[in-house]
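First comes the structure, then the notes that go with it.
The values are calculated or read from the model by the stated rules, or taken from the named source; none is laboratory data. Not measured: the values here are computed from a predicted model. Positions of Cβ are generated from backbone atoms using ideal geometry, with glycine treated the same way; all protein chains shown enter the neighbour counts. Side chains included, ligands, DNA and RNA excluded: accessible areas come from the protein's heavy atoms. Shrake-Rupley method; radii C 1.70, N 1.55, O 1.52, S 1.80 Å.
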Amino acid sequence: MPARIVIGAQWGDEGKGKIVDLLASQADVVARYQGGANAGHTICHGDTKYILHLIPSGILHDGVICAIGNGVVVDPVALFEEIEMLAKAGVTTAGRLVISPHAHVIFPYHKQLDKAKENYLGQNQVGTTQRGIGPAYLDKIDRCGIRMIDLIDSSSLKEKLTQNLAEKNKMLKTFGADELPVESMIESFTRMGERIKPLIGDVSTLLYKMIKEDKEVLIEGAQGTLLDIDHGTYPFVTSSNSSSGGACTGLGLSPTSISHVMGVVKAYTTRVGNGPFPTEFDEQFGKRVRELGGEFGATTGRPRRCGWLDLVQLKHAMIVNGIDELAITKLDVLDTIEQLKVCTEYKLDGRKTDHGITDAKQLQRVEPIYDTMDGWMSDTTGSKNFAELPQKAQAYLKFIEDYLSDAKIKIVSIGQERERTFMM
Ligand code: GDP
Ligand code: IMO
Ligand code: MG
């Protein structure tokens, strides 16, 4: 059976973790293709909350294989912390986790350089998660990255780490940051390599076979379209292709083996980190929605910036990802908002446009044009289907679907827990 990709259609934190966990009950394999431990995917089962950074959100379903593709940058320290967190909660990863030998490894110097660069940029900083993501992808493109295949080969690791750290220490010194010792790093990463060895496997062939055998293959994006290095609000983006195209290169998956792209869309918009955000609320209203939606970063705990739904950017996301299915999340967060606005057009330098603008400098100048609707002012969290939603909530969803004419709403989420969801 061809694969389904689930991606974030906004600036991340749309609720991908919840949606992937939900769909994973029918899946045989769930695979991540980009990003690293900058992601924070939350899954709530009853009173238990799991936050996953690297391991795909299918891990809570027994028997589902979880794969980490070549496009992911893996911090082994974060990986082992996550495996241990799951083990404590009674979730076994043994025999279910496969990591590509070509995934790049994040080392402590990547994290140090991430911090040092942000400090250096000062007011112009991106506001990264400081998880070493940018510096690790930089090494990959510069052809000096250290991959899983090197991590599990002690002589290769020693040779490459010695060479890289000598260069990175010079860079750290230039930034005025602390240099790092090589011997202890070789020792600790050699040990981690030994632990990781049994997890290494050919992800591309695994997915190929699964698809041939008619198995259900689910691909999980991290971050969101507007954080994509090519299609996002550059330079305020992450360093990978979080949009659906990244799944092909980040897993070794052919475009012809993908049947659906599901865009996860929060019923409003949030952004964490710096960069333009045309529909952002003023401080007071932003605080109200942040509290209603619990909008604090799952990875860094930073307060998320909140704003109205931006359909212009969503149309851009639909185009670059090929979104044909939508999962609308956090509709319940709007239950007590008297009046709702939805951005349907931009005004840029006096001209109206419904074309998604991603250049940060242009986007900074954009004036959003809104349609205004009455809020439904009632509790949606108990709704079991579309018909049970208040009329005005139905109208809000229909408005989104009509605007994004190529995509149909498949899932509506009205609370954190698995049960607070219905399919269309
Ligand atoms: P992800 O990175 O896309 O997986 O999203 P995050 O986990 O970072 O952020 C989404 C937050 O919203 C998490 O705390 C989820 O538990 C929560 N959430 C997801 N869907 C819903 C929903 O429909 N309603 C409410 N109230 N919370 C939700
Ligand atoms: P999930 O998968 C929201 C943001 C950071 C920063 C920019 C670059 O949970 O949706 P990076 O550390 O990647 O170099 O930071 O990207 N960012 C996210 N924002 N959700 C995420 O992941 C994010 N991952 C990175 O805040 O603005
Ligand atoms: Mg998140």
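Could you pull out the residue among ARG288, ARG302 that is in contact (Cβ under 8 Å) with a residue 12 or more places away in the chain and of a type in the set (D, E, K, R)? Break it down stepwise before answering.
Details: ARG288 fails: in contact (Cβ under 8 Å) with a residue 12 or more places away in the chain.
Sole residue among the options that is in contact (Cβ under 8 Å) with a residue 12 or more places away in the chain and of a type in the set (D, E, K, R): ARG302.
So, in segment 104-123, exactly how many residues are closer than 22 Å to THR233 by Cβ, away from ligand 2 (no atom under 11 Å from the Cβ) and either free of Cβ contacts under 8 Å to residues at least 24 places away in the same chain or open to solvent by less than 60 Å² (accessible area, probe 1.4 Å) (or both)?
So the count comes out to 3.
Quick one: GLU167 ticks every box in (1) touching a Leu at 6+ places or on another chain (Cβ under 7 Å); (2) outside the structural domain of ALA78 (by TED's automatic domain parsing) except a single one, so which number is it?
Evaluating GLU167 over (1) touching a Leu at 6+ places or on another chain (Cβ under 7 Å); (2) outside the structural domain of ALA78 (by TED's automatic domain parsing) leaves (1) as the failure.
Sort through GLY63, GLY134, GLY145 and tell me the only one that's open to solvent by 10 Å² or more (accessible area, probe 1.4 Å) and at positive phi.
Details: GLY134 fails: at positive phi; GLY145 fails: at positive phi.
It is GLY63.
How about segment 232-258: which of its residues are within 14 Å of the chain's Cα centre (by Cα), closer than 22 Å to GLN125 by Cβ and open to solvent by less than 40 Å² (accessible area, probe 1.4 Å)?
Those that are within 14 Å of the chain's Cα centre (by Cα), closer than 22 Å to GLN125 by Cβ and open to solvent by less than 40 Å² (accessible area, probe 1.4 Å): GLY232, VAL237, THR238, SER240, SER242.
Would you list the helices (runs of 4 or more DSSP H) that sit entirely within segment 227-339 and hold 3 or more residues that are under 30 Å from THR205 (Cβ atoms) and not polar (S, T, N, Q)?
Working: elements: 245-251, 283-293, 311-321.
Once the helices (runs of 4 or more DSSP H) in segment 227-339 are filtered for at least 3 residues that are under 30 Å from THR205 (Cβ atoms) and not polar (S, T, N, Q), what remains is 245-251.
Does segment 300-315 hold any residues that are more than 15 Å from ligand 2 (Cβ to nearest atom) and within 18 Å of MET373 (Cα to Cα), and which are they? Walk me through how you get there before you give the answer.
Filtering segment 300-315 down to residues more than 15 Å from ligand 2 (Cβ to nearest atom) leaves 308-312, 314-315.
Listed by number, the residues that qualify are TRP308, LEU309, ASP310, LEU311, VAL312.
Does GLY382 count as surrounded by fewer than 17 Cβ atoms within 10 Å (Cβ to Cβ) and without any contact (Cβ under 8 Å) to a residue 40 or more places away in the chain? Before the answer, list the steps.
Values: surrounded by fewer than 17 Cβ atoms within 10 Å (Cβ to Cβ): yes; without any contact (Cβ under 8 Å) to a residue 40 or more places away in the chain: yes.
Here the answer is yes, as GLY382 does meet what is asked.
List pairs: first residue in segment 39-51 and within 19 Å of GLY8 (Cβ to Cβ), second residue among the basic types (Lys, Arg) and within 13 Å of ligand 3 (Cβ to nearest atom) anywhere in the structure, Cβ distance under 7 angstrom, at least six positions apart or on different chains.
Qualifying pairs under 7 Å: HIS41/LYS16; THR42/LYS18; THR42/LYS49; ILE43/LYS18.
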